[in-house]
Amino acid sequence: MRLCHHHKDDSLEWAVCSIDESFFELSALCNDDSLVAYALENFGSEKRRCEWLAARILIKRLAGSCAEVCYSPDGKPLLRDDSRHISISHTDGYVAVALHREYNVGVDVEAVGTKVQRLYHHFLSSLEVNSLDKNNELVAMLLHWSAKESFYKIVGNRGGSFAKNFTVSPFVVNSSGNFPISYTDNGLLIKRATVNYIVESDYVFTLCVDNEQ
């Protein structure tokens, strides 16, 4: 696993890694037979096994070799020792993990592809479509999707839809940056956050922290 990006400060740590290994190679890197066995028993495809196991390897690199992931009743990942909030994402060839000592955190990584151009009406409002950066429309669409995925991990399953309830403020695509995002219900602002992003040639990465009132 190659480290692509890594950030660490007193409260927040996150990383993006590429997954270049086979499941057999990842199993050797993992050095935890129980995790390898779980992946074999619960995931049918080699791709899904690699993504799941790569995420656990990265978590242990960031949080320590004893770090163990469990899940809340609504499916949110947690560290069993409650030492930090955690978020996990993976896409074709990449895995991302974020940890925060104080606040809920949401992270997403998405491979660059044209699928979003066929499905954009499912997650973009008409206002968002009209305000897209026309010089880099595909990546702008992908960042909207990724940002809403990240923010959803903070907002939780409150109902509604990405197109109607989640709103990304207009921005110009750069190699990295940030933009506001909000969640509304029946016209009322429920939650907002700042999304930080990175754009690479074959993936985009977004992260937001639930530290805004």
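The values are calculated or read from the model by the stated rules, or taken from the named source; none is laboratory data. The shown structure was predicted, so the numbers you read here are calculated from the model rather than taken from an experiment. Here Cβ is always computed from backbone atoms with ideal geometry, including for glycine, and neighbour counts include all displayed protein chains. Each accessible area value is taken on the protein alone, full model and side chains, heavy atoms only, with ligands, DNA and RNA left out. Shrake-Rupley method; radii C 1.70, N 1.55, O 1.52, S 1.80 Å.
Pick out the one residue from Glu46, Glu41, Glu21, Glu25 that is open to solvent by 30 Å² or more (accessible area, probe 1.4 Å), out of contact with any strand residue (DSSP E or B) (no Cβ under 8 Å at 6 or more places or on another chain) and closer than 23 Å to Ser201 by Cα.
Details: Glu46 fails: closer than 23 Å to Ser201 by Cα; Glu41 fails: closer than 23 Å to Ser201 by Cα; Glu25 fails: closer than 23 Å to Ser201 by Cα.
Every option except Glu21 fails the conditions.
Within the range 98-118, can one find any residue that is open to solvent by 20 Å² or more (accessible area, probe 1.4 Å), over 27 Å from Ser22 (Cα atoms) and either in contact with a Phe, Trp or Tyr (Cβ under 6 Å, 6 or more places away or on another chain) or assigned to a helix (DSSP H, G or I) (or both)? Don't jump to the end; show me each part of the working.
Within the range 98-118, the first condition is being open to solvent by 20 Å² or more (accessible area, probe 1.4 Å), and the residues that meet it are 101-104, 110-115, 117-118.
Okay, now just the ones that are also over 27 Å from Ser22 (Cα atoms), so 101-104, 117-118.
In the following step, the residues that additionally are either in contact with a Phe, Trp or Tyr (Cβ under 6 Å, 6 or more places away or on another chain) or assigned to a helix (DSSP H, G or I) (or both) were identified as 117-118.
For the range 98-118, residues open to solvent by 20 Å² or more (accessible area, probe 1.4 Å), over 27 Å from Ser22 (Cα atoms) and either in contact with a Phe, Trp or Tyr (Cβ under 6 Å, 6 or more places away or on another chain) or assigned to a helix (DSSP H, G or I) (or both): present.
Could you tell me which numbered condition Asp133 fails, if it satisfies all but one of (1) open to solvent by less than 30 Å² (accessible area, probe 1.4 Å); (2) on the phi > 0 side of the Ramachandran plot; (3) acidic (Asp, Glu)?
Looking at each condition in turn, Asp133 falls short on (2).
If we scan the range 182-196, do we find a residue that is under 25 Å from Trp14 (Cβ atoms), touching a residue at least 40 places away in the same chain (Cβ under 8 Å) and assigned to a loop (DSSP other than H, G, I, E, B)?
No, the range 182-196 contains no residue that is under 25 Å from Trp14 (Cβ atoms), touching a residue at least 40 places away in the same chain (Cβ under 8 Å) and assigned to a loop (DSSP other than H, G, I, E, B).
In the range 4-54, which residues are within 15 Å of Ile88 (Cβ to Cβ), touching a residue at least 40 places away in the same chain (Cβ under 8 Å) and either assigned to a helix (DSSP H, G or I) or of a type in the set (Asp, Glu) (or both)?
Matches in the range 4-54: Glu13, Glu51, Ala54.
Checking the condition part of a strand (DSSP E or B) and surrounded by fewer than 16 Cβ atoms within 10 Å (Cβ to Cβ), which residue from Leu78, Leu127 passes?
Working: Leu127 fails: part of a strand (DSSP E or B).
Selected residue: Leu78, the only one of Leu78, Leu127 that is part of a strand (DSSP E or B) and surrounded by fewer than 16 Cβ atoms within 10 Å (Cβ to Cβ).
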